[in-house]
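Colleague: The structure that follows is given in the form of structure tokens.
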There are 2 protein chains.
Amino acid sequence: MNILIIGGGGVIGQKLGRALAARGELRGKVISGITLADIVDPARIPGSAVPVKTVVCNIADPASVAKCVTADVDVIYLLAAVVSAHAEEDLDAGLSINMMGTLNVLQHARALGTRPVLVFTSSIAVNGGEVPQPFTDYTGLNPQTSYGAQKAIGELLVTDFSRRGLIDGRGFRLPTISIRPGKPNRAASGFMSSIFREPLQGRTANCPVSSDFNHYYLSPRKCVENLIKGAELPAEALGLNRCMPMPGRVWTIRQMIDAMTAVAGSGPARLISWEKQPGLDLILDGWRMDIRADKAESLGLEADASFEDNIRYFLEDDLPGA
Amino acid sequence: MNILIIGGGGVIGQKLGRALAARGELRGKVISGITLADIVDPARIPGSAVPVKTVVCNIADPASVAKCVTADVDVIYLLAAVVSAHAEEDLDAGLSINMMGTLNVLQHARALGTRPVLVFTSSIAVNGGEVPQPFTDYTGLNPQTSYGAQKAIGELLVTDFSRRGLIDGRGFRLPTISIRPGKPNRAASGFMSSIFREPLQGRTANCPVSSDFNHYYLSPRKCVENLIKGAELPAEALGLNRCMPMPGRVWTIRQMIDAMTAVAGSGPARLISWEKQPGLDLILDGWRMDIRADKAESLGLEADASFEDNIRYFLEDDLPGA
């Protein structure tokens with residue numbers, strides 16, 4: 001069992017690599033190797049008993065994809081993407097990575113002839129527009145960002161390539177991930193992690209929306225667990241649409257801050273400032289959060305039980321010893 | 001007002017060109033030129049008072065697209081496609097024409113900097129899969145053919161390019177067009193026209209499904225009227241999703257044959273044979289027909305009033321003097 005994680009240098013890619021290495025098996029088989037591929041050489045996995053390779057890969061370039069989607073790959077995670085604010089600023093970058101890059105990976109996976117399992121990360125940014133909430137497994141996609149449009153295109157490709165028997169694909173629309181460790185990326189949702197991550201480390205952070213802003217969240221730990229479950233699902237369980245929402249939970253900023261206070265005391269919340277960020281509303285207004293992940297839940301994927309859990313997971317996983 | 005019809009050599013493209021030439025104006029402006037572009041040099045429009053050019057264009061090739069999407073174009077019709085059975089046989093042809101070709105046209109339209117009106121023909125083949133009927137303006141797309149998947153991708157691109165203000169796009173999911181004149185193409189729906197077209201000209205035809213097979217139809221005449229109305233709609237009327245079903249009507253094969261008999265006597269129906277076609281069910285089973293085109297109807301687009309009308313339109317438009 002060889003696993004390729006494209007986007008293996010990112011927050012979820014790194015955590016997924018570590019979780020798979022610690023687990024040692026997937027789909028009932030011993031993991032013989034993990035390859036982390038990303039646009040810059042990914043960090044290795046310290047102390048892994050499973051051999052881990054890293055490779056530099058630009059999915060927009062078919063020749064580069066050929067170097068990592070090799071004949072020995074059994075399971076491919078396709079996590080690489082140009083994120084929301086970046087894809088909105090630069091349409092061509094988004095088309096090149098999110099649309100053509102996805103097609104390049106699918107075409108190389110198809111060319112293997114082995115029908116590899118491919119786990120695609122879509123996003124709740126596919127939801128929006130004039131489609132009424134709630135968003136179920138059957139509601140239309142009318143994304144109001146280019147990122148969302150490109151992810152929706154990726155979903156159609158994953159489902160069609162799977163229907164044709166060229167790959168065994170499955171795609172999950174990730175909720176907004178919070179608390180995201182590490183440095184901020186260019187996602188418009190960045191503040192939804194930084195207002196916890198930074199104060200929990202004694203640093204200030206700004207919240208650019210009001211405390212009653214609510215949204216659909218998942219912790220990195222549960223996201224990784226769901227991505228592993230997602231790879232293990234048998235093709236027969238997936239039905240005719242290979243892509244679906246991943247379970248998450250809706251919280252207001254206030255509920256999340258209260259959860260931080262319940263777990264870590266009242267100090268961190270005092271490090272949050274509240275200055276509105278011009279232009280951010282334009283992106284966030286197109287987002288939606290009344291999402292019903294019925295299909296994924298029926299397949300065993302799970303949301304967090306509470307945001308207190310998210311805070312604890314962050315402290316345990318990302319600030320050990322703090 | 002210069003109009004470019006990509007796919008101008010096809011049945012709808014030719015009829016649209018003739019209708020626009022006869023009309024002489026669009027969006028309140030005199031039509032100064034019509035360009036018919038297609039993969040093979042399209043037929044000209046006999047007796048047109050409007051200057052008509054033809055150009056050979058392969059939308060899969062950006063350089064070829066540049067030759068027809070020129071600075072003087074105000075309205076672009078993008079009708080060109082690899083049709084259902086062909087796209088199912090040859091995935092790469094479908095991706096190249098239906099997905100990349102659409103992107104090429106959008107990118108060139110964007111590059112004009114004039115935000116041209118672009119009318120995209122999608123298809124009811126976007127519907128299907130595990131999404132329950134009826135299909136409204138808000139239901140999800142889970143196409144069960146590569147053609148449907150590629151058209152759904154085109155819709156997402158048209159809406160996103162329009163949202164960004166790069167084009168003024170609008171897309172319509174065409175019902176199955178019946179009665180389609182001329183020669184059969186590679187569409188799986190071919191028989192839905194040939195069982196009327198051929199008998200009405202004294203020739204035999206085969207119906208490969210049972211007489212209670214029902215489906216969602218529109219006459220070529222109404223389709224062209226809707227495509228003209230579609231171009232005339234102001235951007236503000238279109239909302240956040242630029243793509244929608246085009247109105248059609250559901251008929252069984254039996255109802256359609258009865259309509260032919262009502263208009264043309266009992267002779268033609270006797271020229272129909274009833275032999276099942278192996279493999280056709282696999283495609284048709286993925287199609288759906290309970291479609292509610294509420295948005296398009298509210299914008300003034302129309303279905304046929306009866307299938308007797310479809311028969312009469314065919315006799316008037318395609319067999320004049322017969």
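Colleague: Can you work out the Karplus-derived ³J(HN,Hα) for every residue in the stretch A:87-102? Use 6.51 cos²θ - 1.76 cosθ + 1.60 with θ = phi - 60°, whole Hz, and x for glycine or proline.
Modeller: Result, rounded to whole Hz: 5, 6, 6, 10, 4, 5, 4, x, 4, 5, 8, 6, 9, 5, x, 4.
Colleague: Long-range amide H contacts for B:Tyr216: which residues qualify at under 5 Å (H placed 1.01 Å from N, peptide plane, sequence gap of 5 or more or a different chain)?
Modeller: B:Thr176
Colleague: Could you give me the ³J(HN,Hα) list for the stretch B:141-157, computed from phi with Karplus coefficients 6.51, -1.76, 1.60 and θ = phi - 60°, whole Hz, x at Gly and Pro?
Modeller: Computed from phi, the couplings for the stretch B:141-157 are 9, 9, x, 10, 9, 5, 4, x, 4, 5, 5, 4, 5, x, 4, 4, 5 Hz.
Colleague: Right, something else. Compute the length gained on full extension between A:Trp274 and A:Asp294: take 0.36 nm times their separation in residues and subtract their Cα-Cα distance, giving the result in nm to one decimal.
Modeller: 3.7 nm
Colleague: Based on the Cβ-Cβ distance from B:Ala66 to B:Asp281, what FRET efficiency comes out when R0 is 56 Å, to the nearest 0.05?
Modeller: So, using R0 = 56 Å, E works out to roughly 0.85.
Colleague: Averaged over peptide A:143-149, how many Cβ atoms belonging to another chain are found within 10 Å of each residue's Cβ?
Modeller: 5
Colleague: Taking only Cα atoms of the protein assembly as shown, what ratio of Rg to Rh do you get with Rh as the Kirkwood inverse-distance radius?
Modeller: Checking Rg against Rh, the ratio lands at 1.02.
Colleague: A further question on this structure: What order do you get for B:Val158, B:Val30 when you list them from fewest to most C-beta neighbours inside 10 Å? Kindly include the intermediate steps, with their values, before the conclusion.
Modeller: Values: B:Val158 26, B:Val30 9.
Least to most surrounded, the residues fall as B:Val30, B:Val158.
Colleague: Compare the peptides B:88-95, B:70-77 by average per-residue count of other Cβ atoms within 10 angstrom and give them in order, highest first.
Modeller: By packing density, highest mean first, the sequence is B:70-77, B:88-95.
Colleague: Residue by residue through B:159-167, how many Cβ atoms from other chains fall within 10 Å of the Cβ on average?
Modeller: 4
Colleague: A further question on this structure: Using a 10 Å cut-off around each Cβ of peptide B:129-138, what is the average number of partner chain Cβ atoms that fall inside?
Modeller: Other-chain Cβ atoms within 10 Å of each residue's Cβ, averaged: 4.
Colleague: Given 0.36 nm per residue, what is the gain on full extension from A:Asn214 to A:Glu302 after removing their alpha carbon distance, in nm? Don't skip to the end; give the middle numbers.
Modeller: Values: separation 88, 0.36 × 88 = 31.68 nm, distance 1.96 nm.
Between A:Asn214 and A:Glu302, full extension yields 29.7 nm more.
Colleague: Moving on to the next point. Say the cut-off is 27 Å between C-alpha atoms; which of B:Lys29/B:Lys67; B:Lys222/B:Lys276; B:Lys151/B:Lys183 go over it? Intermediate results must be reported in sequence, preceding the final value.
Modeller: Working: B:Lys29/B:Lys67 24 Å; B:Lys222/B:Lys276 30 Å; B:Lys151/B:Lys183 23 Å.
The pairs that break the limit, which is 27 Å between Cα atoms, are B:Lys222/B:Lys276.
Colleague: A further question follows. Taking amide H positions as placed 1.01 Å from N in the peptide plane, with prolines and chain starts having none, which residues 5 or more places from B:Ser123, or on another chain, fall under 5 Å of its amide H?
Modeller: HN-HN under 5 Å from B:Ser123: B:Leu174.
Colleague: Distance between Cα centroids, the stretch B:73-138 to the stretch A:8-59: provide it in whole Å.
Modeller: Here the two parts' Cα centres lie 38 Å apart.
Colleague: Counting Lys and Arg as +1 and Asp and Glu as -1, what is the net charge of the other residues whose Cβ lies under 9 Å from the Cβ of B:Ala19?
Modeller: Every neighbour counted, the sum reads +3.
Colleague: Just in the stretch B:265-322: which GluC sites (Glu not before Pro) are loop by DSSP and have at most 13 other Cβ atoms within 10 Å?
Modeller: Values: sites: B:Glu275, B:Glu297, B:Glu302, B:Glu308, B:Glu316; in loops: B:Glu275, B:Glu302.
Answer in residue order: B:Glu275.
Colleague: Over the stretch B:1-66, what is the relative contact order in percent, taking alpha-carbon pairs closer than 8 angstrom and at least six residues apart? Please list the in-between numbers first.
Modeller: Details: 123 pairs, mean separation 21.6, N = 66.
Relative contact order of the stretch B:1-66: 33 percent.
Colleague: Taking Cα atoms, how many degrees apart are the long axis of helix A:307-318 and the longest axis of chain A, rounded to 10 and kept between 0 and 90?
Modeller: 60 degrees
Colleague: Still on this structure: Among the trypsin sites (Lys or Arg not before Pro) in the stretch B:251-287, which ones are in a DSSP loop with at most 12 other Cβ atoms within 10 Å of the Cβ? Mind listing them?
Modeller: Qualifying residues, ordered by number: B:Lys276.
Colleague: Let me ask something additional. As a footprinting exposure proxy, order A:Cys207, B:Cys243 by other Cβ within 10 Å, with the fewest listed first.
Modeller: A:Cys207, B:Cys243
Colleague: How would you rank B:Ser123, B:Ser266, going from fewest to most other Cβ atoms within 10 Å of each one's own Cβ? Could the numbers behind the result be given before it?
Modeller: Numbers: B:Ser123 29, B:Ser266 9.
By the 10 Å Cβ count, ascending, the order reads B:Ser266, B:Ser123.
Colleague: In nm to one decimal, list the spacings between the A:Gly321 label point and its equivalents in the other copies, with label points set 7 Å along Cα to Cβ, shortest first.
Modeller: Spelled out, the distances from A:Gly321's label point are 9.3 nm.
Colleague: Next question. Put the label 7 Å from Cα along Cα→Cβ for B:Ala19; what are its distances to the other copies, in nanometres, shortest first?
Modeller: 5.3
Colleague: Distance from the Cα centre of the stretch A:274-322 to that of the stretch B:154-189, in angstrom?
Modeller: Each part's Cα centre sits 37 Å from the other's.
Laboratory data are not the source of any read-out in this text; all were calculated from the coordinates shown. This structure is a prediction, so every number in the text was calculated from the model and none was measured. Don't worry about glycine lacking a Cβ; one is built from the backbone with ideal geometry, like all the others, and counts go over all protein chains shown.
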